[in-house]
1. If residue 230 satisfies every condition in (1) surrounded by fewer than 18 Cβ atoms within 10 Å (Cβ to Cβ); (2) part of a loop (DSSP other than H, G, I, E, B); (3) within 16 Å of the ligand (Cβ to nearest atom) but one, which is the exception?
2. Which of the residues belonging to region 5-44 are more than 16 Å from the ligand (Cβ to nearest atom) and either polar (S, T, N, Q) or not assigned by TED's automatic domain parsing to the domain that holds residue 231 (or both)?
3. In region 154-175, which residue that is within 16 Å of the ligand (Cβ to nearest atom) and hydrophobic (A, V, I, L, M, F, W, C) is surrounded by the fewest Cβ atoms within 10 Å (Cβ to Cβ)?
4. Mind checking which helices (runs of 4 or more DSSP H) fall wholly inside region 59-157 and carry at least 2 residues that are touching a residue at least 12 places away in the same chain (Cβ under 8 Å) and closer than 30 Å to residue 174 by Cβ?
5. Assuming residue 70 fulfils every condition listed in (1) under 28 Å from residue 24 (Cα atoms); (2) touching a His at 6+ places or on another chain (Cβ under 6 Å) apart from one, which condition is it?
6. Could you list all residues from region 193-215 that are under 21 Å from residue 155 (Cβ atoms) and away from the ligand (no atom under 16 Å from the Cβ)?
7. So is residue 169 more than 29 Å from residue 57 (Cα to Cα), assigned to a loop (DSSP other than H, G, I, E, B) and assigned by TED's automatic domain parsing to the domain that holds residue 218 or not?
8. Out of the residues in region 176-192 that are within 16 Å of the ligand (Cβ to nearest atom) and assigned to a loop (DSSP other than H, G, I, E, B), which is surrounded by the most Cβ atoms within 10 Å (Cβ to Cβ)?
Amino acid sequence: MHIFAMSDIHGCLDAFKASLSTIDLDAEDSKLVLLGDYCDRGPDSLGVFELVMELQKRYGDRVVALRGNHEEMFLEYIDEVKNPNFTQAWILADSNLATAKSFLDGEAFRHVKQLLRLRKFEEAYAFTVEHMKAEHADVITWVRKLPYFYESPFGQVFVHAGIEEEAGDYWKMGTSTESFTMMMPDYVGREFCLDVIAGHINTEAVSGIAGYRGIWSDGVSHYFIDGNVMEYGEVAVLSYDSETGKYSGQGLE
Ligand SMILES: [Mn+2]
């Protein structure tokens, strides 16, 4: 089997498509695991969500989509719409309103901008969420069902941020939903009984090597695959071949 993994696409639909074009999903023994953070920052969050949904329709369980902290925030700002105290959190979480813009048609987005200019923040927030619910309920429903991790038959766990490795065999029970999507890379350099493949923190930050991009491994049990698409314009692809047990991808070897 060939497993491909990508993470932290962050609304960068063109970069995602370019990386997809390098892998063959038509082969029956291939699998694509996406580690979350499809939305926010980049220009087309809705387009990325819809493309992943389409891939799952086409390829079934050959395409696994996990959830990241940005999907958690996305659901939070939809669910907290009756809470006026959340208005500021919404504006801050969706930097430059990039995600809202992708979900709203031109006229609706101009209306939101106008409300914001008039400092009608709560109204802008409520209007945005109402529009998203009315026009893109399928996407919201899909995001709600995204799982937190994927365990392969080859001694691997794929996750957005990480797992509580101190819990050993009980990591599933021992890892909170916040940790799955947001934990710091606390176990770098320590051996674990599974390979842990994660995104969330870009590889320049986790490696400590200035300008690093692509995939980074700690040489023990961890592979980090967020190559920082906003900075470098590319979504890194990790490949794993179960016949040889070898990982490959930009930055490895
Ligand atoms: Mn993240």
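The values are calculated or read from the model by the stated rules, or taken from the named source; none is laboratory data. Model, not experiment: these values are computed from the prediction. We place every Cβ from the backbone using ideal geometry, glycine too, and count neighbours over all the protein chains shown.
1. It fails just one condition, (2).
2. If the condition is that a residue be more than 16 Å from the ligand (Cβ to nearest atom) and either polar (S, T, N, Q) or not assigned by TED's automatic domain parsing to the domain that holds residue 231 (or both), then 19, 21, 22, 30 are the ones that fit.
3. By that ranking, first place goes to 163.
4. Ranges flagged: 69-79, 87-93, 137-144.
5. (2)
6. Passing the criteria: 193, 194, 195, 215.
7. Against the criterion (more than 29 Å from residue 57 (Cα to Cα), assigned to a loop (DSSP other than H, G, I, E, B) and assigned by TED's automatic domain parsing to the domain that holds residue 218), residue 169 does not qualify.
8. Only one residue tops the list, namely 183.
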